Amino acid sequence: MPFKTRENSAGERPSRRERYQSILKPLSIVFVAALLALVFAHLGSEVVEGDTRFFDMQLLRGAQSLRAAHPWLAEVMRDLSGLGSTTVLALFTVATTGYLALISARTSAFLVATSVISGSILVSVFKAAFGRLRPDAAYAELSVAGLSFPSGHASMSAIVFLTLGSLLASTHSRPVERIYILATAVLMTLLLGLSRIALGVHWAI
């Protein structure tokens, strides 16, 4: 086994398993991206046709009732929502790209910056394309301007936190550590999306 390791490091051709893994990884990424695109397209179609309105209104009224019954909930949701603000996400992005550039990981820094910038542009384009207004201010905890679909907070938080989570997870070798980091990034994204619904500034779908 040690001899085989030395031969690999000296330039031995990768095994069949390694070749399959190198092919499957980008294919799995493309598959997941395509699946998410299909889900988004389906939701967008449902939103445009108004099929989600009954469900959205039920959750909107439910969130308003919960805030009235538990005043502390609104404060917690505002704090969570603040983590997905443009200022906070921009600070995370600038700090991360700056650090990656500092340690000469320029490719990673470029990918992070590109992902966030392109994601921001796409969100703006989709908002303009769908043109969905926010819920009536009477149901909201606070007044927010702009369009509602897709949620800028939720979308950009997903891009930033999942990108940073993936980068951080890649620096750890133990699967349990990687899973924990990625699960935390996913949880943060879900909580931010939930906070916007709970505050009544976004529809559930």
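The values are calculated or read from the model by the stated rules, or taken from the named source; none is laboratory data. Because the structure is predicted, anything quoted here is derived from the model rather than measured. All Cβ positions, even for glycine, are placed from backbone atoms using ideal geometry, and neighbour counts span all protein chains on display. Ligands, DNA and RNA are stripped out before the accessible areas are found, and what is left, the full protein with its side chains, is counted by its heavy atoms. Shrake-Rupley method; radii C 1.70, N 1.55, O 1.52, S 1.80 Å.
Quick check: anything in region 164-171 of a type outside the set (A, V, I, L, M), assigned to a helix (DSSP H, G or I) and open to solvent by less than 50 Å² (accessible area, probe 1.4 Å)?
yes
Name the residue, out of Thr96, Thr87, that is free of Cβ contacts under 8 Å to residues at least 60 places away in the same chain and under 16 Å from Ala158 (Cα atoms).
Thr87 is the lone residue from the list that is free of Cβ contacts under 8 Å to residues at least 60 places away in the same chain and under 16 Å from Ala158 (Cα atoms).
In region 111-130, how many residues are under 29 Å from His202 (Cα atoms) and open to solvent by 90 Å² or more (accessible area, probe 1.4 Å)?
3
Are any of the residues in region 190-200 assigned to a loop (DSSP other than H, G, I, E, B) and within 30 Å of Arg61 (Cα to Cα)?
Yes, the conditions are met somewhere in region 190-200.
Identify all residues within region 133-155 that are part of a loop (DSSP other than H, G, I, E, B) and crowded, with 17+ Cβ neighbours inside 10 Å; write none if there are none. Quick ask: steps written out before the conclusion?
Of region 133-155, the ones part of a loop (DSSP other than H, G, I, E, B) are 133-136, 140-151.
Scanning region 133-155 gives Arg134, Pro135, Ala140, Glu141, Val144, Leu147, Ser148, Phe149, Pro150, Ser151.
Any chance region 99-110 includes a residue that's closer than 30 Å to Ala63 by Cα and either surrounded by 19 or more Cβ atoms within 10 Å (Cβ to Cβ) or in contact with a Gly (Cβ under 6 Å, 6 or more places away or on another chain) (or both)?
No - not one qualifying residue is present in region 99-110.
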